[in-house]
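The block underneath contains the structure these notes are about, expressed in structure tokens.
The values are calculated or read from the model by the stated rules, or taken from the named source; none is laboratory data. In this text the structure is predicted, and so the values were computed from the model without any measurement. Note: ideal-geometry Cβ built from the backbone for every residue, glycine included; neighbour counts use all protein chains shown.
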Amino acid sequence: MLEALQNTAFSQWLLVSEWGYPILLTLHSLGLAMLVGTIVMIDLRVLGVARSIPLLPIKRLMTIVWTAFAVNATSGTLLFAADAVKFAHSPTFQLKLSSIVIGTVLAAMMSKSVLDHTSTFEAAEAGAAAPTKLQSPPVAKALAALSIFIWIAAIGLGRYMAYE
């Protein structure tokens, strides 16, 4: 199945085209910058950086996160198709995908537990008790720190793939 995928006309064109692969790689890089840049900004706010900025306006940035994720999922799938056999058997690629899945789950958890309850989280930051464990600042901060680490790992693994 993987060989059939990488032998499609599109995959073959992508490999021999002067512009196809570079354009997709550029889209993937732009999507990555928007996705990870926005998530890290949110994570840093949850970690206490720029506490004077309220969380409610930051919550609106999740639209950018999910749009950039769609761009990266699409461009990444197309890039995968160009050399599917190699990527599917690469431990680095598998770790990268695992990191992306974990990072995406963490982003969804952060959105649901903190950003959907901004006033509760901000009150808990100020010293009030949080009604749920995920809304408590120590738990949310641990998730935010893990999120930053996971996205750095995903980027590093993606870069390393070029040298395998």
Region 136-164 residues that are of a type in the set (S, T, N, Q), paired with ones that are not in a helix (DSSP H, G or I) (beta carbon under 7 Å, 6 or more apart): SER136/ALA130
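Within the group GLY103, GLY156, which residue is in a helix (DSSP H, G or I), crowded, with 20+ Cβ neighbours inside 10 Å and under 18 Å from the mean Cα position of the chain (by Cα)? If you could, list the steps in order and put the result at the bottom.
Values: GLY156 fails: crowded, with 20+ Cβ neighbours inside 10 Å.
Answer to the selection: GLY103.
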Qualifying residue in region 36-48 (condition: surrounded by 13 or more Cβ atoms within 10 Å (Cβ to Cβ), in contact (Cβ under 8 Å) with a residue 12 or more places away in the chain and more than 20 Å from the chain's Cα centre (by Cα)): no
Neighbours by Cβ (under 9 Å, 6+ apart or cross-chain): first from region 82-97, surrounded by 14 or more Cβ atoms within 10 Å (Cβ to Cβ); second not in a helix (DSSP H, G or I): ALA84/MET1; LYS86/GLU164; SER90/GLU164; THR92/GLU164; PHE93/GLU164; LYS96/SER90
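Right, ILE42: of a type in the set (Val, Ile, Thr) and in a loop (DSSP other than H, G, I, E, B) or not?
Details: of a type in the set (Val, Ile, Thr): yes; in a loop (DSSP other than H, G, I, E, B): no.
No: the conditions fail for ILE42.
To keep it simple, each residue is scored yes or no on (1) farther than 21 Å from LEU56 by Cα; (2) modelled with pLDDT of 95 or more.
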residue	(1), (2)
THR77	yes, no
ASP83	yes, no
PHE87	yes, no
LEU97	yes, yes
ILE102	yes, yes
SER113	no, no
GLY127	no, no
LYS133	no, no
VAL139	no, no
